[in-house]
Amino acid sequence: MVRWLNSTLGRGIGFFIVLELMLVPAVLYWPDFSKHIGKFRALAPLPVMRGIIDTLETGGAFAYVTGQHFFKGCNTLGVAAAVLLSVGAIAGEAHRGTLEIFLARPISRARLLTERYVEGALAVCLPVFLSTLTIPALLEHIGEKLTYGPLLWSALHTNLLLLAIYSLGFFLSTLSRTPLAIAFGLLFFTILQFALYLVERVTHWSLFRLTDVERFLEIQKRGGLDPKYWLPLAGVSLALYIASLRAFARRTP
């Protein structure tokens, strides 16, 4: 457990560092981007991308920052972190032949599984919140101001999608002995979803429509999360966690 916790903690720290390294130059580039946004729109090869740039232009610094941090950074790095931290939780133990030792601990299976689930979920979600907290300070360097409220609501909304993906990977991990196969399958699925986002007629079938700039502008306007989005996402995570508990209760090494 200590080795797992150290590994999970290290990956979470690494995720935060990479998010921050992407966030800092992106935020500092906002003044130049805003000056030449018309040129960027003219160079955009796809109608969906031109639509994104139009949204950034009308939404100002908030739209730009949420697009860079949540839509670009968290939807790519966050999904990868969610997949990689979930698939090895149980399947990794089985693959290494250490699942029997893991199950021999003198605590209930439900507690064992919950500890694994929570550790990985925190490693995925906390870096998103922590990096978001640095945005107002970064914006002050370029003469822009944003309050924490809409940014933190946006971070929570993003984390709900990442948690749903993490929960799916975790559930599959309780059923399998091959974490690599689960990882490839989930990464292929998420890449396909992002590709669908860029196709004009099928873009609304993409999961990433749930966490694009338009959603974050709605959050800013609303002053909180929309139940029609957060309730299904939270429900999926809860259902998959319960399914994981049931599958793990019947699991044999």
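Readers should treat all values here as calculations from the given coordinates under stated rules, not as data from a laboratory. This structure is a prediction, so every number in the text was calculated from the model and none was measured. Heads up, the Cβs are rebuilt from the backbone with ideal geometry, glycines too, and the neighbour counts pull from every protein chain shown.
As a size descriptor, the averaged projected area of the C-alpha convex hull of segment 7-145 was calculated at 10.7 nm². Taking 0.36 nm per residue of separation and subtracting the current Cα-Cα distance, fully stretching the chain between Ile142 and Ile242 would add 31.4 nm.
With no solvent and one point on each alpha carbon, what is the Debye value of log10 I(q)/I(0) for the chain at q = 0.08, 0.13 Å⁻¹? Taking Cα atoms of the chain as identical point scatterers yields -0.34, -0.83. Charges were assigned to the Cβ only: +1 to each Lys and Arg, -1 to each Asp and Glu. The resulting dipole of segment 1-132 about its Cα centre is roughly 160 debye. Dividing the helix sum by the residues of the chain, where each DSSP H run of 4 or more adds -39500 (n - 2.57), gives a mean residue ellipticity at 222 nm of -24500 deg cm²/dmol. Helices that extend 20 Å or more along their long axis by alpha-carbon positions and average at least 0.5 on the Kyte-Doolittle scale are, among the DSSP H runs of the chain, 2-28, 47-66, 109-132, 148-175, 179-197, 227-249. Listed peptides 170-176, 147-153, 198-204 appear in the order 170-176, 147-153, 198-204 once ranked by packing, highest mean of other Cβ atoms within 10 Å at the front.
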